[in-house]
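One structure is given below, encoded as structure tokens.
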């Protein structure tokens, strides 16, 4: 080879060739993400303090229910005081008030943002998303349920039901389901009520004080803070992915790319919707406790069985077995009787016919 | 963060055109650089300080480009040399005043297209992106000696390309 391109010529040739490619006005999409990141990021080490505060709150939320939760029944201390979370009711901290679609993150899961005014989280490792601090900083999410069984005089059942309804309404709750049999020999009623969590213990105390005999009181609390935070984190992650796909979609040049990315957007949106439903359910369950009150004139069968001894229960079983067997025989005998009846009828008809035929032959 | 943002913004046009020269397809190049920049942003904590970061950036860009070339190759079964010929930007005539210039640019792009990827990448990095041989070695993960050798080969091949004959200087004169 006895010819060569000089460095300057090569630089000029490649420069000219490169200049024919027009740089997109849009530039790197990173711009948008950086702007978002910059406006949401905490200055300096502020995020560390936020993360530490969030950790303390999570620990607190997990520890408190384990100390105060549980189930007990039919005693003066039947209802243990459940974890107090007054903010968990219908107040301003209700999850329904949370702004949506403001938690963003880059496709790599590194740039995190929250609603303006919320605590901020730092950039995380690729592929991971931390729960928004706002979700953790909110009060603990405890799903509370309870049942009370009351006994009253036969003529006082209706009045007792009215009193219970009044108590619940006064506490800001409502009756979600009710069943009553007031005109029978043994009137009874069952009310299922949704009560603000903050008023749950108070309502139970007032129901106990209505003057009826309290057969059993059962109160349970289930901490769903972790599930709630996890659901929120998943939603935030998926929303970030959706936003990323939308950015890609805006830059798609071919129909194939557009359809492909749109499909991904739809899939992610479907997952977001499903998780939003779960989150709303958890929020509803943790903001409104469920209390079921059963009123009757005698103790429920389950209570009677509990009070009886083993021999008595065995006798009951034997009696029940005998009755069931007899009922079974009677029930099955109907078909046999029908068969016998048909056979008898056929026999009579055959016999009469045989006699007539015989006379004619003779 | 601001500093990294500014740096990425500043280097985007060069990185994009580098990818264009390597891939010879503006759309593919845009996607590759976008992917590379997001990758850089994601791992911004690992960006080396000082001069090394330019090589680091182009290493990510080159990887994204090479990944696309190989993906296209495996999808179509076409050799690297053929890829660009099918995906060359529209070579429709430019305005008359720039016709000659555009023609030359097309010739350069076509000549680059005939180079294998292993020679094209270091050549573009050296004479368009302005990386040193050492930085290219980092970018393509090869030894500086290999880079030097590839640059020499690439330069020789281009010198033999008839489309660039007018630019070729006799070796004695060049020396």
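Against the test of being outside any helix (DSSP H, G or I), touching a helix residue (DSSP H, G or I) at 6+ places or on another chain (Cβ under 8 Å) and modelled with pLDDT of 80 or more, the options B:89, B:48 yield a single qualifying residue, B:48. Checked against (1) surrounded by fewer than 19 Cβ atoms within 10 Å (Cβ to Cβ); (2) modelled with pLDDT under 85; (3) in a loop (DSSP other than H, G, I, E, B), residue A:172 meets all criteria but (2). Among the residues in segment B:76-86, are any at pLDDT below 85, within 13 Å of chain A (Cβ to nearest Cβ) and either under 16 Å from residue A:21 (Cβ atoms) or not in a loop (DSSP other than H, G, I, E, B) (or both)? There is at least one residue in segment B:76-86 that is at pLDDT below 85, within 13 Å of chain A (Cβ to nearest Cβ) and either under 16 Å from residue A:21 (Cβ atoms) or not in a loop (DSSP other than H, G, I, E, B) (or both). Candidates are the residues of segment B:2-12 that are in contact with a helix residue (DSSP H, G or I) (Cβ under 9 Å, 6 or more places away or on another chain) and surrounded by fewer than 19 Cβ atoms within 10 Å (Cβ to Cβ); the one that is farthest from the other protein chains (Cβ to nearest Cβ) is B:7.
Here residue B:57 does not qualify as out of contact with any strand residue (DSSP E or B) (no Cβ under 7 Å at 6 or more places or on another chain), within 7 Å of chain A (Cβ to nearest Cβ) and part of a helix (DSSP H, G or I).
Residues in segment B:18-33 that are within 8 Å of chain A (Cβ to nearest Cβ) and touching a helix residue (DSSP H, G or I) at 6+ places or on another chain (Cβ under 8 Å): 7 in all. Take residue A:230 and tell me if it is surrounded by fewer than 19 Cβ atoms within 10 Å (Cβ to Cβ), out of contact with any helix residue (DSSP H, G or I) (no Cβ under 9 Å at 6 or more places or on another chain), part of a helix (DSSP H, G or I) and at negative phi. So residue A:230 fits the description; yes.
Restricting attention to segment A:278-299, does a residue exist that is modelled with pLDDT under 80 and either within 30 Å of residue A:224 (Cβ to Cβ) or surrounded by 16 or more Cβ atoms within 10 Å (Cβ to Cβ) (or both)? Among the residues of segment A:278-299, at least one is modelled with pLDDT under 80 and either within 30 Å of residue A:224 (Cβ to Cβ) or surrounded by 16 or more Cβ atoms within 10 Å (Cβ to Cβ) (or both), which makes the answer yes. Among the candidates B:25, B:51, B:45, B:31, the residue that is buried (at least 19 other Cβ atoms within 10 Å of the Cβ), more than 11 Å from the chain's Cα centre (by Cα) and farther than 16 Å from residue A:18 by Cα is uniquely B:31.
Of everything listed in (1) surrounded by fewer than 19 Cβ atoms within 10 Å (Cβ to Cβ); (2) at pLDDT below 90; (3) within 14 Å of chain A (Cβ to nearest Cβ), the single unmet condition for residue B:153 is (2).
Scanning segment B:115-135 for residues that are over 17 Å from residue B:156 (Cα atoms) and away from chain A (no Cβ under 14 Å) gives B:134, B:135.
Note on segment A:189-217: residues that are assigned to a strand (DSSP E or B), under 22 Å from the mean Cα position of the chain (by Cα) and either without any contact (Cβ under 8 Å) to a residue 12 or more places away in the chain or crowded, with 18+ Cβ neighbours inside 10 Å (or both) amount to 5. Beta carbons closer than 6 Å, at least 6 apart along the sequence or on distinct chains, pair a first residue in segment B:101-114 that is at the interface with chain A (Cβ under 7 Å from one of its Cβ atoms) and part of a helix (DSSP H, G or I) with a second that is surrounded by fewer than 18 Cβ atoms within 10 Å (Cβ to Cβ) and at pLDDT below 85 for B:102/B:94.
The values are calculated or read from the model by the stated rules, or taken from the named source; none is laboratory data. If you're wondering where the values come from, they're calculated on a predicted model, not measured in any experiment. Glycine also receives a Cβ, built like all others from the backbone with ideal geometry; neighbour counts cover every protein chain displayed.
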